[in-house]
Amino acid sequence: MKEAFAFLPRSWSRERRSAVTIAIALLGAVVFLWLLAIPLSWMPDPIGPAAAQFAAGALCTVELTVAAGLIGIVIGLLAAFGKLSKVPPLRWVSNFYIWVIRGTPLLVQIYFVFFALPDLLPVQLSDFNSAVIALAMNVGAYNAEAIRAGILAVHKGQTEAARSLGLSPLQTFRDVIFPQSFRVALPSLVNNFVSLLKDSSLATLGKLSTGPGVDYRCRHLLGANHADDPNFGRA
Amino acid sequence: MEEPLNMTESTVGNPAALKSGAERTPLITAENINKHFGTAHVIKNVSTSFYQGEVAVIIGASGSGKSTFLRMLNRLETHDSGRIVIDGIELNADLKHIDAVRREVGMVFQSFNLFPHLTVLDNVTLAPRRVRKTTRAAANEAAQALLAKVGLSAHVHKYPHQLSGGQQQRVAIARSLAMQPKVMLFDEPTSALDPEMIKEVLDVMKDLARSGMTMIVVTHEMGFAREVADRVIFFESGQILEEAPPETFFGNAQNERIRAFLGQIAN
């Protein structure tokens with residue numbers, strides 16, 4: 001990607017060239033995923049013949065990861081602010097959530113969402129949505145601590161200076177604290193995202209026993225028991 | 001937009017003005033202020049007033065409570081009891097009051113506290129653009145003028161880490177002045193600087209004083225106090241031991257403790 005960055009017009013600002021490079025990289029990744037079946041089909045048995053399935057599986061993984069990742073960031077932000085809040089009940093709820101999620105295996109959480117939630121909630125979730133929820137809740141707890149670390153890493157004097165200048169708490173966070181805390185939190189957040197990519201494979205172990213669900217995405221991959229799935233084996 | 005740093009001669013900021021202090025209403029009053037940090041009683045029943053255009057210098061040993069008292073004036077510290085009124089606004093838990101006070105009171109810190117991810121220019125223009133909703137162009141123009149006044153025109157697009165300590169502190173002063181405050185608080189502004197840089201910062205502060213700004217300065221720089229202060233306030237163990245004009249204070253201090261303190265300072 002450095003090459004792309006270097007070949008863009010010099011007259012553009014650094015920020016613009018950086019943004020365009022990221023956009024090109026994302027576009028390249030999407031195109032690669034879309035056409036993944038082609039290079040896969042050149043590979044030897046057993047991958048070659050089932051290339052389409054493997055490509056679909058990769059796509060499913062990416063979908064789960066991106067969806068759970070984005071929601072996980074939002075959950076992480078909420079839990080981090082909750083834990084840093086001056087309001088005790090908010091702190092208790094956030095602390096409890098982070099403690100429970102980080103203290104139990106992801107597999108158990110996935111089983112809970114797939115097999116226990118349908119009985120607890122009035123709404124039936126599809127396989128895909130259940131997986132996303134379980135994964136997002138999990139990564140959200142880890143993200144919360146990474147984000148909290150970033151916020152706490154910013155020197156208290158920054159807040160004091162900003163508030164002394166008359167900036168509101170929201171303005172202080174947006175213009176002064178967030179940019180600095182982002183740099184500290186980013187490595188941990190990327191770590192969590194990379195783990196999420198691998199952990200998404202556990203979603204194959206959850207399968208709703210009843211109902212087709214509204215969402216048919218990844219249905220041929222989610223669900224350990226393929227014997228009763230008439231669509232197993234078909235692309 | 002009026003010039004923030006007015007360099008013309010001013011009658012305020014000289015000892016003669018102090019004599020009529022009794023007739024003027026104070027800009028800031030602090031009445032019976034107390035503060036505890038846990039069990040430690042750090043501010044003990046402190047009462048004083050500050051007048052428009054006055055330069056008050058607060059000195060004292062470390063831990064005497066002078067910085068804590070200064071920080072109470074813009075609610076960076078809260079007072080446990082007593083009353084602080086700044087320009088008619090009472091400083092209490094009410095956020096509207098706190099924000100109103102902070103718009104009128106600027107603060108310069110010992111550790112500068114510049115925003116490291118912003119250029120010098122952005123540091124100075126951030127607050128006017130966000131708080132006063134000034135346009136970027138107007139804010140930039142005003143900031144350039146301020147930075148020229150403190151002698152930093154050449155460094156406008158640099159980042160704080162590229163500047164020396166003295167330059168950073170001058171940017172911090174310009175940043176506070178950009179909000180056109182009525183009062184400027186200085187919390188040991190030169191304590192983190194080496195001797196070569198102290199002079200450049202003190203020169204900026206002297207110019208500011210001469211232009212009529214109301215300043216309250218916590219410092220160990222006795223030379224500055226002698227030269228520029230209208231009043232010297234001596235803090236000891238959370239109390240004001242003496243308040244006097246510099247000639248009286250440095251020439252003929254009544255209190256034994258103060259004479260001992262002054263005796264320990266080289267020149």
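The values are calculated or read from the model by the stated rules, or taken from the named source; none is laboratory data. Note that the structure is predicted; figures quoted are calculated from it, not measured. Note that we place each Cβ from the backbone using ideal geometry, even for glycine, and neighbour counts take in every protein chain shown. Just so you know, the surface numbers come from the protein's heavy atoms only, side chains and all, with ligands and any DNA or RNA stripped out. Shrake-Rupley method; radii C 1.70, N 1.55, O 1.52, S 1.80 Å.
Descriptive notes on the structure:
- Computed from backbone phi with θ = phi - 60° and the Karplus coefficients 6.51, -1.76 and 1.60, the 3J(HN,Hα) list for the range A:111-124 is 4, 4, 5, 6, 10, 9, 4, x, 7, 8, 9, x, 9, 8 Hz; x is used for glycine and proline.
- The Kirkwood hydrodynamic radius of chain A, based on inverse pair distances between different Cα atoms, is 20.6 Å.
- Simple label model, 7 Å out from Cα along Cβ direction - A:Arg102 to B:Asn252, nm: 6.6
- Of all beta bridges that DSSP places with both ends in the protein assembly as shown, some 50 percent have antiparallel geometry.
- Across the range A:28-43, computed HN-Hα scalar couplings (Karplus, 6.51 cos²θ - 1.76 cosθ + 1.60, θ = phi - 60°) run x, 5, 5, 4, 4, 5, 4, 9, 4, 4, 5, x, 5, 5, 7, 7 Hz from first to last residue, x flagging Gly and Pro.
- Where trypsin sites (Lys or Arg not before Pro) fall in DSSP loop in the range A:1-80, at most 12 other Cβ within 10 Å: A:Arg10
- The fraction of all Cα pairs in chain B landing in successive 10 Å bins from 0 to the largest distance is 7, 29, 36, 22, 5, 0, given as whole percents.
- For the range B:131-267: lysine pairs under 21 Å (alpha-carbon distance), excluding those fewer than 8 apart on one chain: 6
- The GNM of chain B, with springs linking C-alpha atoms under 10 angstrom apart, assigns the highest mean-square fluctuation among B:Phe69, B:Phe224, B:Phe186 to B:Phe224.
- Solvent-accessible heavy-atom area per residue, rounded to whole Å², over the range B:25-149 at 1.4 Å: 39
- Percent of beta bridges antiparallel (DSSP, chain B, rounded to nearest 5): 50
- Residue of A:Ala136, A:Ala25, A:Ala79 that the Gaussian network model of chain A assigns the largest fluctuation, springs spanning Cα pairs under 10 Å: A:Ala25
- Multiplying the residue separation of B:Thr29 and B:Ala148 by 0.36 nm and removing their Cα-Cα distance gives an extension gain of 39.5 nm.
- Listed residues B:Gly212, B:Gly88, B:Gly38, most fluctuating in chain B (Gaussian network, C-alpha, under 10 Å): B:Gly38
- Given 13 as the ceiling on other Cβ atoms within 10 Å, longest exposed-site-free region of chain B for GluC sites (Glu not before Pro) in DSSP loops: B:24-267
- A straight Cα-to-Cα reach below 25 Å connects B:Lys35 with the lysines A:Lys86, A:Lys156, B:Lys44, B:Lys66, B:Lys96, residues fewer than 8 places away in its own chain not being considered.
- Sites matching trypsin sites (Lys or Arg not before Pro) across the range A:69-129 that sit in DSSP coil, with at most 14 neighbouring C-beta atoms within 10 Å: A:Lys86
- Debye log10 I(q)/I(0) for the range A:48-95, one point scatterer per Cα, at q = 0.24 Å⁻¹: -0.79
- B:Glu141-A:Val184 FRET efficiency (beta carbon distance; Förster radius 35 Å; 0.05 resolution): 0.50
- Compared with the dominant principal axis of the Cα atoms in chain A, helix A:127-153 is inclined by about 20°.
- Using alpha-carbon coordinates, inclination of helix A:88-103 to the longest axis of chain A, degrees: 40
- Amide H to amide H, with H built 1.01 Å from N, B:Ile43 comes under 5 Å of B:Lys35, counting only residues 5 or more places away or on other chains.
- Inter-chain Cβ neighbour count for B:105-112, averaged per residue, equals 3 (cutoff 10 Å, partner chain atoms only).
- In this calculation the C-beta distance from B:Gln239 to B:Gln264 is compared with R0 = 22 Å, giving a FRET efficiency of 0.65.
- Length gained when the stretch A:Leu26-A:Leu121 is fully extended (0.36 nm per residue, less Cα-Cα span): 30.5 nm
- Adding -39500 (n - 2.57) for every DSSP H run of four residues or longer, then dividing by how many residues chain A holds, sets the calculated 222 nm ellipticity at -21000 deg cm²/dmol.
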